[in-house]
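The values are calculated or read from the model by the stated rules, or taken from the named source; none is laboratory data. Worth saying up front: this structure is predicted, and the values here are computed from it rather than measured. Remember, those area values only see protein heavy atoms, side chains included, never the ligands or the DNA or RNA. Shrake-Rupley method; radii C 1.70, N 1.55, O 1.52, S 1.80 Å.
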Amino acid sequence: MRGPAKRAVRTWAVTTAIIALLGIPAGLLWAQISPAVTYVVIEGEPVLADPEGQGPITVDGRFALIAVVAALVCAIVAYVRGGRGND
């Protein structure tokens, strides 16, 4: 590989590694702030203990919020580090 292709592969690898490493604290944060959703096992099948509750929706919403914030932070850092601040 030469010049631009090599740089593109290197950029991809570094970006992928950084985002993967940032996923660990994001997942731990999500586990800490999300409410517990309880299940009961009936005849070997897990069933929501409170099917009318909003627990599963809240868990998904908090995951989406953490993912959006993390994506915005990564995008801003990539934009600044990419030298595009002088467009």
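Here Cα Rg over 2.2 N^0.38 Å was computed from the coordinates, and among [x] 1.65; [y] 1.58; [z] 1.06 the match is [x].
Per residue, what accessible area does the chain have, given a 1.4 Å probe and all protein chains present, in Å²?
Working: 7390 Å² over 87 residues.
Roughly 85 Å² per residue, with all protein chains present.
Name the shape class, rounded, prolate or oblate, that the alpha-carbon gyration tensor gives for the stretch 1-47, where a ≥ b ≥ c are the square roots of its eigenvalues, rounded holds for a/c under 1.5, and otherwise prolate holds if a/b is larger than b/c and oblate otherwise. Judged from the Cα gyration tensor, the stretch 1-47 comes out oblate (a/c at least 1.5, b/c at or above a/b).
Inter-part distance, the stretch 22-47 to the stretch 48-65, computed on C-alpha centroids, equals 10 Å.
Note on surface exposure: VAL80, VAL69 rank VAL80, VAL69 by accessible area, highest first, 1.4 Å probe. Taking every C-alpha pair closer than 8 Å and separated by at least 6 residues, the mean separation divided by the residue count of the stretch 6-87 gives a relative contact order of 24 percent.
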